[in-house]
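Below is one structure, written out as structure tokens; the observations come after it.
The values are calculated or read from the model by the stated rules, or taken from the named source; none is laboratory data. Keep in mind the model is a prediction, meaning the values are calculated, not measured. As a convention, Cβ positions derive from the backbone with ideal geometry for all residues, glycine included, and neighbour counts pool all protein chains shown.
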Amino acid sequence: MLKIEAILQPSKLDAVKDALLEAGIEGMTILEARGHGRQKGHTEFYRGREYTVDLLPKVKIELVVTDELKEKAVQAIMGAARTGRIGDGKIFVSRIDEAIRIRNDERGETAL
């Protein structure tokens, strides 16, 4: 089992969610996040005053999939989130040792 974490632009959330559902991946957790990478934020004016926005709004999607669905999930995220500009986001993949469904104590891939 693998955990896939994707950090992307909020405007791409619906497209990514739909692409994952179309790829057969149903379970996911979506979190609001703030941060920056290479884009480093930007300067804005509000009521005549200048201020720096260095932590930009992002969305983080977390999902745990079987090894067989890894590439399908990564391709779905990349295809739906990519604009070709700085700030498109990142995808992180890590191994999960065990999953346990609290309701009935199912373990492993059946708990997904």
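Quick rundown of the values:
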{"quantity": "Residue in the range 6-50 that is farthest from K70 (Cα to Cα), counting only those that are crowded, with 17+ Cβ neighbours inside 10 Å and charged (D, E, K, R)", "calculated": "K12"}
{"quantity": "Set L63, L69: member being under 13 Å from the mean Cα position of the chain (by Cα) and touching a residue at least 40 places away in the same chain (Cβ under 8 Å)", "calculated": "L63"}
{"quantity": "Exclusive hit being among the hydrophobic types (A, V, I, L, M, F, W, C) and either under 16 Å from K17 (Cβ atoms) or in contact with a Pro (Cβ under 8 Å, 6 or more places away or on another chain) (or both), set I86, I100, I96, I77", "calculated": "I77"}
{"quantity": "Residues (touching a Lys or Arg at 6+ places or on another chain (Cβ under 8 Å), surrounded by 10 or more Cβ atoms within 10 Å (Cβ to Cβ) and part of a loop (DSSP other than H, G, I, E, B)) located in the range 92-110", "calculated": "I96, A99, R101"}
{"quantity": "Criterion (without any contact (Cβ under 8 Å) to a residue 12 or more places away in the chain and not charged (D, E, K, R)) met by exactly one of L21, L13", "calculated": "L21"}
{"quantity": "Pick from the range 57-90, criterion of a type in the set (K, R) and part of a helix (DSSP H, G or I), ranking: surrounded by the most Cβ atoms within 10 Å (Cβ to Cβ)", "calculated": "K72"}
{"quantity": "T66 among the hydroxyl-bearing types (S, T, Y) and touching a helix residue (DSSP H, G or I) at 6+ places or on another chain (Cβ under 7 Å)", "calculated": "yes"}
{"quantity": "Every pair of residues 6+ apart whose Cβ atoms lie under 9 Å, when the first sits in the range 93-110 and is aliphatic (A, V, I, L, M) while the second is part of a loop (DSSP other than H, G, I, E, B)", "calculated": "I96/M1; A99/M1; A99/E106; A99/L112; I100/E106"}
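Quick grid of which residues meet (1) more than 30 Å from I100 (Cα to Cα); (2) at pLDDT 95 or above; (3) of a type in the set (D, E):
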| position | (1), (2), (3) |
| --- | --- |
| K3 | no, yes, no |
| I7 | no, yes, no |
| S11 | yes, yes, no |
| K17 | no, yes, no |
| G27 | no, no, no |
| L31 | no, yes, no |
| E44 | yes, no, yes |
| G48 | yes, no, no |
